Amino acid sequence: MKAYQVIENGKPLEERELEKPQPKGKEVLLRTVACGVCHSDVHLHDGYFDLGGGVQLPSPLPGGEPLTMGHEIFGEVVEVGDEVDGIVIGQKYVAYPWMGCGDCDLCHDDMTHYCANNSNLGIHVAGGYGDHVLVPDPKYLFDAGDTPDSLAGSYACRGLTAYSALKKAGPYNKDNSLVIVSAGGLGLLALKIAKAAYGINPIVVDIDDEKLGMARQLGASATVNSSEEGAAEKIMELTEGGARSIVDFVGAESSVNFGYNLLARGGSYVVVGLFGGQLTLPLPMQALTEKKLMGSYVGPLGDMKELMELVVQGKIDPVDVETRDVSEANRTLEEMKAGKLMGLVALTHDS
Ligand SMILES: [Zn+2]
Ligand SMILES: [Zn+2]
């Protein structure tokens, strides 16, 4: 099999010929149909995540070994281990990539994504920048219904991230009870999921009027440009005195400091974006207002299941994805790093 691998952090990926894995026991071997390129691939490739303020979170190559990245995997089953039931050869699936050790309390409680000994596909073990991917158990595979091949894999990262964050910030009972910060790709996806999963039309906040126009087209109940005078007052008015739930896909010092003060008593603020910075809070107010500040990072297998049910039912409008041959992985990562990629890109292994 062929794979594009990170041999050394920051250096171009290299095409390598590798031995095709042989599935044993519960393992399933997928032929990669398409694999989304995610922004975290840029950081994995660089070898660190920039947390802002000069702080870096290292993400070295696991064991210093070459890594086949790619965690937004959509693949076709080509071979299964002898303990696998109910998986049809030739059928295509999205692979849930957030694997744990399978042995600790977190893994037993469906929180494999918190496991200290992760073996995430495309992050710790080989992923979809290779033309075949070994999945340890069929329970990690999900049907994607009529979703275009190039888009399906992105539900395992972007889709799951948006879905799980919304779930934490709920419950929702009416329009305007939710404020989504960011009208970028993830924010607009969250807007669609809020409509599909909860039947509500949220308020969307951004600093870009063009993106806010897109949010209105997709069904935002109202949009607010937070860089304009009176933005905070406008949100207080729309939410009738404060938001029950705010999900922040920017996660910048400016967005959290702006948004946290707009929460109603008992409201929830979920930080998803990794832009960086700090928040200083007066602690007595925290007690008196019972506000909740939470983080959200990808999501558990149970959330993936719920999300993929919505996807299969066709409740989430698909977005366009550009497909590129995997040999263009380096160009794609460079463009993403330089902020030149507007939409989603998925890599294919046809040639
Ligand atoms: Zn990702
Ligand atoms: Zn574990």
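Our Cα-only numbers for region 118-226 put the radius of gyration and Dmax at 16.5, 45 Å. At a Förster distance of 22 Å, what's the computed FRET efficiency of Ala287 paired with Glu253, Cβ-Cβ distance as r, to 0.05? Plugging the Cβ-Cβ distance into 1/(1 + (r/R0)^6) gives 0.40. For region 1-160, the Stokes-Einstein estimate of translational diffusion at 25 °C and a viscosity of 0.890 mPa s comes to 153 µm²/s, using the Kirkwood hydrodynamic radius over alpha-carbon pairs. Per residue, the convex hull spanned by the Cα atoms of region 263-320 amounts to 145 cubic angstrom.
Take the Cα radius of gyration of region 240-284 and divide it by 2.2 N^0.38 Å, with N its residue count; two decimals is plenty. Don't skip to the end; give the middle numbers.
Values: Rg = 10.4 Å, N = 45, 2.2 N^0.38 = 9.3 Å.
The reported ratio for this selection is 1.11.
The Cα atoms of the chain cover 60, 42, 40 Å along the three principal axes, with the biggest extent listed first.
Among Gly187, Gly295, Gly259, determine the one that fluctuates most according to a GNM of the chain built with springs between C-alpha atoms less than 10 Å apart. Between Gly187, Gly295, Gly259, it is Gly295 that shows the largest mean-square fluctuation. Pairs of Lys residues in region 160-295 are counted when their Cα atoms are under 16 angstrom apart and they lie 8 or more places apart or on different chains; the count is 9. The angle between the Cα long axis of helix 185-198 and the longest principal axis of the Cα atoms of the chain comes to about 80 degrees, rounded to the nearest 10. Multiplying the residue separation of Ala231 and Ala338 by 0.36 nm and removing their Cα-Cα distance gives an extension gain of 35.5 nm.
In whole percents, the pair-distance distribution calculated for region 160-295 from its alpha-carbon pairs, binned every 5 Å from zero, is 2, 12, 24, 26, 23, 10, 3, 1, 0.
Here each label is just a point 7 Å from Cα along the line to Cβ, and for Val319 and Glu8 those points are 3.5 nm apart. Among Thr161, Thr280, Thr289, Thr348, the order by Cβ neighbours within 10 angstrom, fewest to most, reads Thr280, Thr289, Thr348, Thr161. Listed from fewest to most Cβ neighbours within 10 Å, the set Cys35, Cys101, Cys107, Cys157 follows the order Cys101, Cys107, Cys157, Cys35. Around the amide H of Tyr48, modelled in the peptide plane, lie the amide H atoms of Ser59, all under 5 Å away and 5 or more residues distant in sequence or on another chain. Sorted from greatest to least, the principal axis extents spanned by the alpha carbons of region 291-351 come out as 44, 32, 20 Å.
Each value in this text was obtained by applying a stated rule to the coordinates, not by laboratory testing. What you are looking at is a predicted structure, and each value in this text was computed from that prediction instead of being measured. Note: ideal-geometry Cβ built from the backbone for every residue, glycine included; neighbour counts use all protein chains shown.
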